[in-house]
Amino acid sequence: YAQFAWQVARDQSTSVTVSGAMSEGDPILDAVLLGGLPGSRGFERFGLWAERAATLTLEHQIPVLRYRWGIWTLNAFAEAGAVEWRDQGEAFVTPGAGFRLYLLGVAFPALGVDVAWSIEDRRPLVMASFGFSQ
C-alpha cells in the first residue's frame, strides 16, 4: 500500500493510491475482501473477494465550505484494478464522486459519502466513510 498526495492549486489536492494483496492457502478461507473500500468502491461491500489483487486510485479534492469546526470538500475519483479468485480474473475501472467533512480537533477527522458506478449492477452505489484521514 502506498499513497502519494500533492497540492494542485491553492487549496486543492490530488492523491494517488496503489495497493496490492495476495493470500496463500485456501482460496475461500484465506481470500481478501476488497469490495466497498478505496480502490474497489464500484463493488458492494461483500461483493469482491480476491486471492490476488492490485488497485490504483486517483482522487482530487476541492474544498467548498470552511468553518471554524470543519471543512467540506467535494471529491472526484477513478479507480482501476485487477483481481483473481479461484483462477478467474477480472479487471475494472470505476468512476465516482463524493464529499468529505473534515472535522477539526476530533479523534475521527472525517465523515464522507461516495457514489461510485457499480461495475456488477450497472447502477450508482453509495458508500459512507467514517474516520478517513484523506
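Remarks
- Among the residues of region 65-94, just one is touching a Phe, Trp or Tyr at 6+ places or on another chain (Cβ under 7 Å), open to solvent by 70 Å² or more (accessible area, probe 1.4 Å) and within 20 Å of Leu33 (Cα to Cα), namely Trp85.
- In the set (1) of a type outside the set (Val, Ile, Thr); (2) more than 19 Å from Leu34 (Cα to Cα); (3) outside any strand (DSSP E or B), Arg100 fails one condition alone, (3).
- Pro95 satisfies every condition listed in (1) touching a Gly at 6+ places or on another chain (Cβ under 8 Å); (2) modelled with pLDDT of 90 or more except (1).
- Restricted to region 110-134, and to residues there that are among the β-branched types (Val, Ile, Thr) and not in a loop (DSSP other than H, G, I, E, B), the residue that is surrounded by the most Cβ atoms within 10 Å (Cβ to Cβ) is Val115.
- Some residue of region 22-34 being at pLDDT 90 or above, assigned to a strand (DSSP E or B) and over 19 Å from Glu120 (Cα atoms): no
- Hey, Glu59 within 18 Å of Ala2 (Cα to Cα) and touching a Pro at 6+ places or on another chain (Cβ under 9 Å) or not: yes
- Of all residues making up region 37-50, the number that are open to solvent by 80 Å² or more (accessible area, probe 1.4 Å) and either part of a strand (DSSP E or B) or in contact (Cβ under 8 Å) with a residue 40 or more places away in the chain (or both): 2
- Out of Ala53, Ala107, one residue alone is more than 21 Å from Ser13 (Cβ to Cβ) and either open to solvent by 80 Å² or more (accessible area, probe 1.4 Å) or not in a strand (DSSP E or B) (or both). It is Ala107.
- Residue count, region 56-73 (criterion: farther than 14 Å from Val8 by Cβ and either free of Cβ contacts under 8 Å to residues at least 40 places away in the same chain or not β-branched (Val, Ile, Thr) (or both)): 10
The values are calculated or read from the model by the stated rules, or taken from the named source; none is laboratory data. Keep in mind it's a predicted model, so treat the numbers as computed, not measured. In this analysis, Cβ positions are derived from the backbone assuming ideal geometry, glycine residues included, and neighbour counts consider all displayed protein chains. Note: accessible area is taken over every heavy atom of the protein model, side chains too, but ligands, DNA and RNA are not part of it. Shrake-Rupley method; radii C 1.70, N 1.55, O 1.52, S 1.80 Å.
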